[in-house]
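J.: Got a structure here, written out as structure tokens. Questions coming.
The values are calculated or read from the model by the stated rules, or taken from the named source; none is laboratory data. Here the structure is a predicted model, which is why all the values come from computation and not from measurement. Every residue, glycine among them, receives a Cβ derived from its backbone with ideal geometry; neighbour counts consider all protein chains shown. We work out accessible area using only protein heavy atoms, side chains counted, and drop any ligands, DNA or RNA first. Shrake-Rupley method; radii C 1.70, N 1.55, O 1.52, S 1.80 Å.
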Amino acid sequence: MDAKIVVIPGDYIGPEIIAECIKVLQAVGERFGHTFHFEEALAGGAAYDAYGVHLPESTLEACRSADAVLKGPFGGPPSELNHPKWALVEREAILGLRGKLNLYANLRSVVMRPALLDFSPVRRERVEGVNILMVRELVSGIYFGPKTREVVDGEEQAIDTELYRASEIRRVARLAFDLARTRRRKVTLVGKSNVLVSSVLWREVVADVAEGYPDVELDYMHVDNASMQLIINPRQFDVLLTTNMFGDILSDEAGAIVGSIGVMPSASLTDGRFGLYEPIHGSAPDIAGRNLANPIGQILSGAELLRYSLGLEEEANAVEEAVDAVLDAGYRTADLTAGRSDVKQVGTREMGDLIVEHLLR
Ligand code: IPM
Ligand code: MG
């Protein structure tokens with residue numbers, strides 16, 4: 001197949017890990033006979049430097065004409081966070097891409113990779129075999145609801161609004177149930193319906209959607225309990241469906257439970273096949289340009305691109321198997337070597353090379 005992929009390299013370690021992901025996708029093309037056309041576009045800090053805005057219209061246009069977008073992390077160092085280059089980068093570039101491309105479903109695959117069991121802060125017998133698909137609503141809720149900041153009765157006041165329309169819940173719920181059918185057929189809806197009316201609406205709409213999926217079990221959990229259950233019994237979850245805000249928080253927790261957010265991919269989807277693929281970690285200014293960054297979260301995001309936007313399941317599995325094989329062989333980037341003498345530390349590029357080598361073997 002022929003596919004057009006827009007590449008947004010991102011800031012700091014972004015270009016380094018994106019380069020490794022492209023190498024891996026090219027190897028997939030070579031092995032399976034596909035041609036991927038990569039077109040670079042800028043957003044985030046890099047776009048601010050080049051155009052003075054975080055999300056140029058030309059980048060959105062490029063994305064709209066592509067089959068998929070591969071994106072690196074955005075953001076600057078803590079010491080520069082008040083600089084206009086970074087101050088609004090999240091809201092303008094990250095939320096901008098999600099909102100303007102209507103990427104309403106964010107999939108975060110939480111897999112306990114056997115080679116990383118020692119990195120989990122949770123006991124092995126509880127995390128072994130964990131495989132959760134988090135489905136996070138991504139373009140509504142408190143991230144996008146009305147916001148105000150004003151002085152009332154002489155005192156500063158700020159309001160963020162958790163606003164959900166039934167249709168916004170329904171479309172992401174349908175996707176969660178469709179995906180559950182390809183897995184263990186269980187959806188756990190996470191909310192806070194003992195306090196929030198928006199969560200009551202979620203429960204009602206999701207229960208209604210569930211009627212169309214009699215073969216899929218629907219369970220409900222309050223978010224405080226879910227955050228605890230993720231630690232004490234993470235294997236009970238198959239598909240975890242939740243709001244934008246709760247999904248943000250729970251996905252970092254889940255990433256820590258499986259050993260490292262450095263290896264966690266994400267897929268942000270809309271209707272049809274188009275999607276945007278990025279790792280869930282940040283741009284790590286402290287290690288940029290030193291061949292130290294772990295490219296695996298980015299490379300696994302590339303695997304998700306193959307799976308969801310291009311429908312290339314076998315190819316996606318091949319990338320994931322190659323990553324596991326290289327980790328199993330003991331190769332690790334610096335973030336995953338801590339205190340271990342039995343592992344072979346490699347750089348960003350070498351990690352990419354090893355994965356490519358395995359794919360072409
Ligand atoms: C994520 C990130 C973003 C979010 C930030 C950078 C705006 O934490 O993708 O999880 O909150 O969604
Ligand atoms: Mg987050």
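J.: Which number in (1) on the phi < 0 side of the Ramachandran plot; (2) outside the structural domain of Phe74 (by TED's automatic domain parsing); (3) away from ligand 1 (no atom under 16 Å from the Cβ) marks the one condition that Phe274 misses?
T.: (2)
J.: Picking from Gly352, Gly330, Gly347, which residue would you name as being surrounded by 15 or more Cβ atoms within 10 Å (Cβ to Cβ) and over 28 Å from Leu107 (Cβ atoms)?
T.: None of the other options fit; the residue is Gly347.
J.: A further question on this structure: Which residues, taken from segment 1-27, are open to solvent by 10 Å² or more (accessible area, probe 1.4 Å), in contact with a strand residue (DSSP E or B) (Cβ under 9 Å, 6 or more places away or on another chain), assigned to a helix (DSSP H, G or I) and not aliphatic (A, V, I, L, M)?
T.: Within segment 1-27, Gln26 is the sole residue that qualifies.
J.: Any residue at all in segment 203-222 that is within 16 Å of ligand 1 (Cβ to nearest atom) and of a type outside the set (S, T, N, Q)?
T.: Initially, segment 203-222 is screened for residues within 16 Å of ligand 1 (Cβ to nearest atom), giving none.
The answer is no; no qualifying residue exists.
J.: Name the one entry in Ala303, Ala267 that is more than 14 Å from ligand 1 (Cβ to nearest atom) and either open to solvent by less than 10 Å² (accessible area, probe 1.4 Å) or under 20 Å from Val187 (Cα atoms) (or both).
T.: Criteria check complete, one pass: Ala303.
J.: Can I ask one more? Is it the case, given these coordinates, that Ile287 is within 23 Å of Pro9 (Cα to Cα) and more than 16 Å from ligand 2 (Cβ to nearest atom)?
T.: Numbers: within 23 Å of Pro9 (Cα to Cα): yes; more than 16 Å from ligand 2 (Cβ to nearest atom): yes.
So Ile287 passes the test.
J.: If you don't mind, another one. Could you check Asn194 against (1) touching an Asp or Glu at 6+ places or on another chain (Cβ under 8 Å); (2) open to solvent by 20 Å² or more (accessible area, probe 1.4 Å) and say which number it fails?
T.: (1)
J.: Residues to consider are Val111, Val139, Val122, Val130; find the one that is in contact with a strand residue (DSSP E or B) (Cβ under 6 Å, 6 or more places away or on another chain) and among the aliphatic types (A, V, I, L, M).
T.: Only one candidate qualifies: Val111.
J.: Restricting attention to segment 20-27, does a residue exist that is under 30 Å from Phe237 (Cα atoms) and within 18 Å of the chain's Cα centre (by Cα)?
T.: yes
J.: May I ask you to list the residues in segment 94-132 that are within 16 Å of ligand 1 (Cβ to nearest atom) and part of a strand (DSSP E or B)? Lay out the reasoning, then the answer.
T.: Residues of segment 94-132 that are within 16 Å of ligand 1 (Cβ to nearest atom), as a first pass: 94-110, 132.
Answer for segment 94-132, where residues must be within 16 Å of ligand 1 (Cβ to nearest atom) and part of a strand (DSSP E or B): Ala105, Asn106, Leu107, Arg108, Ser109, Val110, Ile132.
J.: Just give me the residues in segment 273-284 being away from ligand 2 (no atom under 16 Å from the Cβ) and among the small types (Gly, Ala, Ser), in sequence order.
T.: As a first pass, look at segment 273-284 and keep what is away from ligand 2 (no atom under 16 Å from the Cβ): 273-275.
Hit for segment 273-284 is Gly275, nothing else.
J.: Identify, from the list Pro84, Pro114, Pro56, the residue that is surrounded by fewer than 20 Cβ atoms within 10 Å (Cβ to Cβ) and under 26 Å from Ala256 (Cβ atoms).
T.: Testing whether each residue is surrounded by fewer than 20 Cβ atoms within 10 Å (Cβ to Cβ) and under 26 Å from Ala256 (Cβ atoms) leaves just Pro114.
J.: Let me ask you something else. Conditions: (1) touching a residue at least 40 places away in the same chain (Cβ under 8 Å); (2) of a type in the set (Val, Ile, Thr); (3) more than 16 Å from ligand 1 (Cβ to nearest atom). Thr148 meets all but one. Number of the miss?
T.: (1)
J.: Residues that are β-branched (Val, Ile, Thr), within 21 Å of the chain's Cα centre (by Cα) and farther than 24 Å from Ser283 by Cβ: does segment 131-138 have at least one?
T.: Checked against the condition, which is being β-branched (Val, Ile, Thr), within 21 Å of the chain's Cα centre (by Cα) and farther than 24 Å from Ser283 by Cβ, segment 131-138 yields at least one hit.
J.: Restricted to segment 252-264, and to residues that are within 12 Å of the chain's Cα centre (by Cα) and surrounded by fewer than 24 Cβ atoms within 10 Å (Cβ to Cβ), which residue is farthest from ligand 2 (Cβ to nearest atom)?
T.: Gly262
J.: Answer with yes or no whether Gly212 is more than 16 Å from ligand 2 (Cβ to nearest atom) and open to solvent by 40 Å² or more (accessible area, probe 1.4 Å).
T.: Spelling it out, Gly212 is indeed more than 16 Å from ligand 2 (Cβ to nearest atom) and open to solvent by 40 Å² or more (accessible area, probe 1.4 Å).
J.: Quick test for you: out of Arg126, Arg108, Arg165, pick the one residue that is basic (Lys, Arg) and surrounded by 18 or more Cβ atoms within 10 Å (Cβ to Cβ).
T.: Values: Arg126 fails: surrounded by 18 or more Cβ atoms within 10 Å (Cβ to Cβ); Arg165 fails: surrounded by 18 or more Cβ atoms within 10 Å (Cβ to Cβ).
When all the criteria are applied, what remains is Arg108.
J.: Here is a follow-up. Going by the conditions given, is Thr243 β-branched (Val, Ile, Thr), within 16 Å of ligand 1 (Cβ to nearest atom), under 24 Å from Ser301 (Cβ atoms) and under 22 Å from the mean Cα position of the chain (by Cα)?
T.: When the stated conditions are applied, Thr243 passes them.
J.: Filter segment 232-247 for residues that are in a helix (DSSP H, G or I) and open to solvent by 50 Å² or more (accessible area, probe 1.4 Å); which is nearest to ligand 2 (Cβ to nearest atom)?
T.: Here the answer is Met245.
J.: In addition: Restricting the first residue to segment 233-252 and requiring it to be outside the structural domain of Ser198 (by TED's automatic domain parsing), which pairs with a second residue that is away from ligand 1 (no atom under 16 Å from the Cβ) meet a Cβ separation below 9 Å and a spacing of at least six or different chains?
T.: none
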